[in-house]
Amino acid sequence: MSRTYDDFRLDFADPEDWDLVTVLRHHARHTPDAVYLDVPEESATWTYAEILAEAERVARSLLHAGAAPGDRVVMMLDNSSELVRTWFGTAFAALVEVPLNTAYEHDFLAHQVRVSTPRWAVLDDVYVQRFLDIDQACAGIERYWVVDTGELAQALDTLRSAGKQAAPWDELVRAHGGELPRISSRDLASIFFTSGTTGPSKGVAMPHAQMYFFAQENVCMTRLTAADAYLTVTPMFHGNAQFLAAYPALVAGARFVMRGKFSASRWIDHVRESGVTVTNFIGVMMDFVWKAPARPYDRDNALRCVYAAPTASSIVEPFRERFGIEAFVESFGLTETSMPFITPYGEPRPPGAVGRRVAEYFDVRLVDPQTDAEVPVGAVGELVIRPRQPWTASMGYYAMPEKTVESWRNLWFHTGDAMIEDADGWYYFVDRFKDALRRRGENISSYEVEQAILGHPAVQECAVIGVPTPGVLAGEDEVMACVVTARAVTADDIWAWSASKLPGFAVPRFIRFVDALPKAPSQKIQKSVLREQGITPDTLERAT
């Protein structure tokens with residue numbers, strides 16, 4: 001059995017063709033009547049030929065308005081066909097899409113606008129006021145196009161009253177003449193912002209070739225073909241939906257099914273109704289679906305593959321049986337680097353393994369985070385990555401050269417992720433280094449403790465942090481779990497559950513029940529806030 005991932009193929013062999021424009025034109029020429037975009041909530045579909053025509057119209061409209069290749073276009077849009085058509089239009093116009101998290105406002109939003117310096121903005125009507133609230137940061141935006149979700153007239157009046165150039169989104173699909181610019185796979189395509197849980201968010205500058213390559217990796221991982229239908233229920237401003245669902249479907253010539261949001265209780269209904277064969281889970285989605293009441297027709301579906309990051313190992317086999325799924329696949333990657341590790345389709349893997357190295361395209365090492373010296377197999381080290389194919393990693397952090405240099409020290413990208421490689425070539429995520437704990441001489445993964453506690457039927461969310469031992473100076477960490485529950489449960493119940501799932505040294509000493517966990521606008525848990533709060537008066541301590 002190979003120690004590396006060897007199931008890689010290229011749908012487009014020439015790296016010069018690794019761009020959205022080339023890929024869409026190829027499928028529109030060869031399978032013009034095949035459906036690409038399927039939006040059930042709009043009761044509408046677009047074939048490859050139709051979505052190509054829409055993308056070209058949007059591109060010409062942007063250029064007609066004065067856009068020039070390389071201009072940034074900020075997009076604050078909920079999942080909709082307008083979002084996809086805007087994204088594709090920016091590519092055809094050689095512009096740079098900057099998708100923004102729809103939870104962002106005030107300083108979070110102002111920071112990302114200042115960094116990306118956009119000239120153009122495409123917004124849902126309900127988000128217009130947020131941009132007026134940070135007017136100084138938006139001084140460089142020359143025109144707004146607004147999508148109608150029910151408040152269009154008011155949004156346009158508000159913008160125009162503030163002296164802004166504004167028009168309905170529908171003007172972007174009006175016919176205009178003119179040649180479209182040629183683009184290169186090496187051109188900047190997108191700026192995706194990191195979550196910024198420990199500091200200001202950074203804009204990852206992704207060239208067209210990287211966007212394509214990310215998608216191609218997903219095509220290989222899920223064995224995606226033109227016969228498939230790929231569902232996303234996550235926001236398109238995240239890579240999980242855009243370049244790990246929408247773009248893979250495009251590369252494979254498949255049908256992309258887009259819904260507005262995730263519903264654990266309705267998930268299998270959405271899969272069945274749209275004939276979905278492949279879909280993604282992130283975070284606790286898999287656990288939420290599993291905890292939804294089982295129904296007699298759960299297996300009555302076409303779903304064959306689920307990409308789950310992370311895969312909940314403890315429930316994967318009963319989940320597979322309940323819903324009749326052929327394969328669960330997983331990977332490990334970053335927006336900055338694409339995916340250096342992928343799990344082979346259908347191959348048994350050890351619990352917790354995130355994949356094998358895609359050796360043809362990545363050099364990887366696990367190193368001591370202080371010295372960058374490589375650690376031996378089986379030891380915990382920081383993952384550092386170097387691409388072997390040009391333009392398959394990011395071009396750096398947009399307008400943040402010092403952060404780029406810091407992350408790429410010694411000519412390797414430093415992820416900050418603690419990982420282990422075993423003797424068979426499987427890689428395991430241990431933790432973020434800043435989230436790792438050490439208690440009584442034992443290294444503890446907060447991630448593993450969280451996964452164990454999340455298995456409790458009453459637990460909805462969990463964040464595990466290290467807190468100082470009370471009354472001890474310069475001591476090691478004690479384990480504390482901050483827990484959100486769906487129903488009343490006692491700390492003793494959580495402790496008993498943890499003790500049945502974890503080694504004794506990893507069972508939390510402290511439990512704190514909270515109504516909600518502090519989160520960044522990206523919905524990532526802000527553990528730094530929990531650490532600052534520390535042991536609060538409502539924190540419960542386990543008897544020893």
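The values are calculated or read from the model by the stated rules, or taken from the named source; none is laboratory data. Worth saying up front: this structure is predicted, and the values here are computed from it rather than measured. Methodologically, a virtual Cβ is constructed for each residue, glycine included, from the backbone with ideal geometry; neighbour enumeration extends over all protein chains shown.
Inspection of segment 79-98 identifies at least one residue that is in contact with a His (Cβ under 8 Å, 6 or more places away or on another chain), more than 16 Å from D170 (Cβ to Cβ) and either outside the structural domain of S394 (by TED's automatic domain parsing) or at pLDDT 95 or above (or both).
Here the condition is being more than 23 Å from A241 (Cβ to Cβ), of a type in the set (D, E) and not assigned by TED's automatic domain parsing to the domain that holds H176; of D6, D38, D19, it holds for D6 alone.
For segment 223-243, the candidate set comprises residues that are in contact with a strand residue (DSSP E or B) (Cβ under 8 Å, 6 or more places away or on another chain) and among the aliphatic types (A, V, I, L, M); within that set, the residue that is farthest from T45 (Cα to Cα) is L224.
Can we say P293 is closer than 20 Å to E97 by Cβ and either in contact with a Lys or Arg (Cβ under 7 Å, 6 or more places away or on another chain) or not charged (D, E, K, R) (or both)? It is false that P293 is closer than 20 Å to E97 by Cβ and either in contact with a Lys or Arg (Cβ under 7 Å, 6 or more places away or on another chain) or not charged (D, E, K, R) (or both). Considering F332, F319, the condition of being of a type outside the set (K, R), surrounded by 19 or more Cβ atoms within 10 Å (Cβ to Cβ) and either without any contact (Cβ under 8 Å) to a residue 12 or more places away in the chain or not in a strand (DSSP E or B) (or both) is satisfied by F319 alone. Tell me, please, whether a residue that is closer than 18 Å to Y247 by Cβ, more than 17 Å from the chain's Cα centre (by Cα) and outside any loop (DSSP other than H, G, I, E, B) can be found in segment 209-216. Yes: segment 209-216 contains one or more residues that are closer than 18 Å to Y247 by Cβ, more than 17 Å from the chain's Cα centre (by Cα) and outside any loop (DSSP other than H, G, I, E, B).
Residues in segment 278-315 that are out of contact with any strand residue (DSSP E or B) (no Cβ under 7 Å at 6 or more places or on another chain) and of a type in the set (S, T, Y) were compared, and the one that is farthest from A452 (Cα to Cα) is Y297. Checking the stated criteria, E50 turns out to be of a type outside the set (A, V, I, L, M, F, W, C), farther than 20 Å from L188 by Cβ and either free of Cβ contacts under 8 Å to residues at least 24 places away in the same chain or buried (at least 24 other Cβ atoms within 10 Å of the Cβ) (or both).
Selection of first residues in segment 525-541 that are assigned by TED's automatic domain parsing to the domain that holds E478 and under 14 Å from P468 (Cβ atoms) and of second residues that are surrounded by fewer than 16 Cβ atoms within 10 Å (Cβ to Cβ) and charged (D, E, K, R), restricted to Cβ pairs under 9 Å at least 6 apart or on distinct chains, gives the following pairs, ordered by first then second residue: I535/E541.
Within segment 68-92, restricting attention to residues that are in a loop (DSSP other than H, G, I, E, B), among the small types (G, A, S) and in contact with an Asp or Glu (Cβ under 9 Å, 6 or more places away or on another chain), which residue is nearest to C138 (Cα to Cα)? Out of the qualifying residues, it is G70. Can you give me the number of residues within segment 410-465 that are β-branched (V, I, T), over 29 Å from V289 (Cα atoms) and in contact with a Pro (Cβ under 9 Å, 6 or more places away or on another chain)? Of the residues in segment 410-465, 0 are β-branched (V, I, T), over 29 Å from V289 (Cα atoms) and in contact with a Pro (Cβ under 9 Å, 6 or more places away or on another chain). All conditions but one from (1) surrounded by fewer than 19 Cβ atoms within 10 Å (Cβ to Cβ); (2) within 26 Å of the chain's Cα centre (by Cα) apply to Y427; the one that does not is (1).
Evaluate segment 184-193: report whether one residue or more is exposed (fewer than 15 other Cβ atoms within 10 Å of the Cβ) and out of contact with any Lys or Arg (no Cβ under 7 Å at 6 or more places or on another chain). Checked against the condition, which is being exposed (fewer than 15 other Cβ atoms within 10 Å of the Cβ) and out of contact with any Lys or Arg (no Cβ under 7 Å at 6 or more places or on another chain), segment 184-193 yields at least one hit.
Can you tell me which residue is nearest to P69 (Cα to Cα) among those in segment 192-228 that are at pLDDT 95 or above and charged (D, E, K, R)? The qualifying residue nearest to P69 (Cα to Cα) is E217.
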